[in-house]
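The values are calculated or read from the model by the stated rules, or taken from the named source; none is laboratory data. Keep in mind it's a predicted model, so treat the numbers as computed, not measured. With ideal geometry, Cβ positions are generated from the backbone for all residues, glycine too; neighbour counts draw on all protein chains shown. To get the accessible areas, we keep the full protein, side chains included, count just its heavy atoms, and leave off ligands, DNA and RNA. Shrake-Rupley method; radii C 1.70, N 1.55, O 1.52, S 1.80 Å.
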Amino acid sequence: MNKITNHMPTAELQALDAAHHMHPFTAGAELAKAGARVITSADGVMLTDSEGKNLLDAMAGLWCVNIGYGRNELAEAAARQMRELPYYNTFFMTTHVPVIALSAKLAELAPEGFNNVFYAGSGSEANDTNIRMVRHYWSAKGQPEKKIIISRKNGYHGSTLGGASLGGMIPMHQQGGLPIPDIHHIDQPNWWAEGGDMSPEDFGLERARQLEAAINHYGEDKIAAFIAEPVQGAGGVIVPPETYWPEIQRICDAHDILLIADEVICGFGRTGEWFGSTTYNIKPHIMTIAKGLSSGYAPIGGSLVCDEVADVINNAGDFNHGYTYSGHPVSAAVALENLRILEEEGIVDTVRDETAPYLKEKWEALTDHPLIGQASISGMMASVAMTPHKESRAAFKTPGALGYYCRTRCFENGLVMRHVGDRMIISPPLVIKKDEIDTLMDRAVKSLDETYTWAKSEGHMSA
Ligand SMILES: *Cc1c(COP(=O)(O)O)cnc(C)c1O
């Protein structure tokens, strides 16, 4: 076979892809017909595809390319580490410099009382670790019956058996016999879709109190932990009502359970602070990290563990758990360089003080658009809800059709914006500049206008 390169005709690349590559979260046969979009290179916030088209990547890949594309320093860090020590494990009483340096750096950046990290290859794996760690923690404390983990419908915690079980995505549960035992889901704090006649504040309290009801139902002595994303990402960038997190915190404090904040998206500057837990004043025991930890340049995830939990685990004999790539030296070196850039270039501060407020003003003005009922934003993650009737917050008769259409228009207009049902969502690289935000907004509005015109002609706007 000839060498396969960027310079092959797109159709040939698509045919080979369709013949041999099974894609995540994709209907293979449909994709084979349509042909996958082939991304060939990227720089800053811009992608280039095999047809030479430029796309502004308002999703930062999959919420991960926080420092933007094309940072040579990370390539150098990877190459240096590969030459010096491409691999060694951290099992059996060994360690290496990149993992030591990264762990010390994370302890410095994390909120007070977080001085330990357990590594994984991804966010999903890290959440699998969390399931085992919290149960082992209670077992080590003589309460092995504290096993149930409470999570939320429409939450996302990954795609492994454990991660997808913690997650509340019904289509995922329907494939493969999930969830695994002893995971219980409460309702999400999605006021727009589920708040009915309640005020957002009352609704936030009601949803938080479902946690207390579940704890009382099963008994505190059966509950190991509650896990949640500070802001739901894959569920549609659902920013909870202001009352939600304080009430969740009160409930976790009042009952003897652990709180796991899944910071895989929110961590490393996404919400305008280093961690979403800081933004929302959450005091978790464990924080799941991945994605922005390496800005996606190398696969790495982990669990940041508070001193109390780490102390119990460390003193309970062997923790019989770990991955071949836990603390992989190349990924660790890349992550460390990524954190150096985030910190030294003041990227998180710039998001909080300048670019996120700039985006917020423009994003929230989208509610003037005839299609948009709600605009939500937290730092550099944002969503809009499309509706045929703003007042009643009605859903469309064919849910997801407008979202899908709008996403397609975005691609045509040079913008990667995702849809979750009829919510349009963005999570751009944190380095996005004000003029690039202007471009993002222009392309988003154009795509929404086109979607509105189409929706009217197709009869979607009659509620
Ligand atoms: C993406 C994501 C995960 C899973 O991470 P992977 O690296 O894809 O395994 C877990 N939790 C949240 C909140 C995520 O957004």
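Data for the structure
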read-out: Pairwise label distance in nanometres, residue 39 with residue 393, each label 7 Å out on the Cα-Cβ vector; value: 3.3
read-out: Distance (nanometres) between label positions extended 7 Å along Cα→Cβ at residue 30 and residue 100; value: 5.1
read-out: Amide hydrogen neighbours beyond the local backbone of residue 122, cut-off 5 Å, H modeled; value: 301
read-out: Computed over the chain, Kirkwood Rh from alpha-carbon pairs, angstrom; value: 23.1
read-out: FRET E, pair residue 85, residue 256, Förster distance 45 Å, beta-carbon r, rounded to 0.05; value: 0.55
read-out: Cα extents of segment 259-375 along the three principal axes, largest first (Å); value: 60, 30, 25
read-out: Peptides 161-173, 388-400, 42-54 ordered by average Cβ neighbours within 10 Å, highest first; value: 161-173, 42-54, 388-400
read-out: Solvent exposure of segment 331-423 as accessible area per residue, Å², 1.4 Å probe; value: 40
read-out: Proximal lysines to residue 360, defined as alpha-carbon separation beneath 19 angstrom and excluding residues fewer than eight positions away on the same chain; value: 433, 434, 446
read-out: Relative packing of peptides 433-443, 82-92 - highest average C-beta neighbours within 10 Å first; value: 433-443, 82-92
read-out: Whole-Hz couplings from phi, Karplus 6.51/-1.76/1.60, listed for segment 452-457; x for Gly and Pro; value: 5, 4, 5, 4, 5, 5
read-out: Percent of Cα pairs exceeding the 17 Å cut-off, where the set is segment 232-274; value: 46
read-out: Residues whose placed amide H lies under 5 Å from that of residue 116, excluding near-sequence neighbours; value: 305
read-out: Cross-link table 153/291; 362/397; 283/390, entries beyond 31 Å C-alpha to C-alpha; value: 283/390
read-out: Structure-based [θ]222 nm, the chain - -39500 (n - 2.57) summed over DSSP H runs of at least 4, per residue, nearest 500; value: -12000 deg cm²/dmol
read-out: Separation of the residue 23 and residue 368 label points, Cα + 7 Å toward Cβ, nm; value: 3.6
read-out: Estimated FRET transfer efficiency (residue 197, residue 454; beta-carbon r; R0 30 Å; 0.05); value: 0.40
read-out: Largest-first principal axis extents, alpha carbons of segment 1-144, Å; value: 60, 37, 34
read-out: Amide N proximity, segment 206-236 versus residue 316 label position 7 Å along Cα-to-Cβ, cut-off under 18 Å; value: 220-227
read-out: Antiparallel bridges, percent of DSSP beta bridges restricted to the chain (to nearest 5); value: 65
read-out: Karplus-derived 3J(HN,Hα), 6.51/-1.76/1.60, for each residue of segment 434-444, Hz, glycine and proline x; value: 4, 5, 6, 4, 4, 4, 4, 5, 4, 5, 5
read-out: FRET efficiency for residue 435 and residue 242, using Cβ-Cβ distance with R0 set to 22 Å, rounded to 0.05; value: 0.10
read-out: For residue 44, residues with placed amide H under 5 Å, excluding near neighbours; value: 69, 70
read-out: For segment 141-149, Karplus couplings with θ = phi - 60° (6.51, -1.76, 1.60), whole Hz, Gly/Pro x; value: 8, x, 10, x, 7, 7, 10, 6, 10
read-out: Solvent-accessible area, 1.4 Å probe, carbon plus sulfur percent, for the chain; value: 52
